[in-house]
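The values are calculated or read from the model by the stated rules, or taken from the named source; none is laboratory data. Since the structure is predicted, the reported quantities are computational estimates derived from the model, not experimental observations. All Cβ positions, glycine included, derive from the backbone under ideal geometry; neighbour counts span all protein chains shown.
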Amino acid sequence: MALIDLIKERYSCRKFDATKPVSKEVLAKVLEAGRWAPTAKNLQCQRIYVIESASAFEKYEQCTRCRYGAPLALLVTYDKNFVFQYPESERESGSEDVSIVATHMMLAAQEAGLANIWINLFSPNKVKEVFNLPENEEPVLFLNLGYALPDSEPSPRHFERKELSEVVKVVD
């Protein structure tokens, strides 16, 4: 499948088949795609926690209500000690690096037949506390993974896209 078709086919799944687990082999492919994502100065600040046990999902559900029946989730954080501080700016690369990593994993999951959804409806401080994250780690998202139920479908908003002319400007 062409990449653009894979991108268009992927949607934020909110109905997972909780009875169908994700194999270790498929998970490994998804994680490998994240490992190869580019990061600022190749510092590879991402830290990925696999959530698949009942006790891990109890922690997850203390942080967000957005499980949607997923049998597997990834908590994606970045290590503040491995981010690039942009010169002449207060910005650093952690959130953008992790966003690239997560996007790679989302597309690899889609290619492997897994539905997925990026979840950021949570309190970072709560996630740090519940998952006992090191002080230097900042949680950015949960990535729910699994197989979509047969009646799962994209939100109607999924297909709403602005014209390129509304979002792209040529600089003179």
Worksheet, complete the sentence: Reported set for segment 103-136 where residues are more than 12 Å from the chain's Cα centre (by Cα) and crowded, with 21+ Cβ neighbours inside 10 Å is Leu114, Val127
Worksheet item: Looking only at segment 78-102, which residues are within 19 Å of the chain's Cα centre (by Cα) and not hydrophobic (A, V, I, L, M, F, W, C)?
Response: Tyr78, Asp79, Lys80, Ser93, Gly94, Ser95, Glu96, Asp97, Ser99
Fill in: All positions within segment 24-42 that are of a type in the set (Gly, Ala, Ser) and under 15 Å from Met105 (Cα atoms)
Ala28, Ala33, Gly34, Ala37
Fill in: Candidate set: segment 140-165, residues that are closer than 18 Å to Leu107 by Cα and loosely packed, with under 13 Cβ neighbours inside 10 Å; chosen: the one modelled with the highest pLDDT
His158
Worksheet item: Does Val76 qualify as being more than 22 Å from Leu121 (Cβ to Cβ), modelled with pLDDT of 95 or more and touching a strand residue (DSSP E or B) at 6+ places or on another chain (Cβ under 6 Å)?
Response: no
Worksheet item: Only one of (1) surrounded by fewer than 16 Cβ atoms within 10 Å (Cβ to Cβ); (2) within 18 Å of the chain's Cα centre (by Cα); (3) not hydroxyl-bearing (Ser, Thr, Tyr) fails for Leu27. Which number is that?
Response: (1)
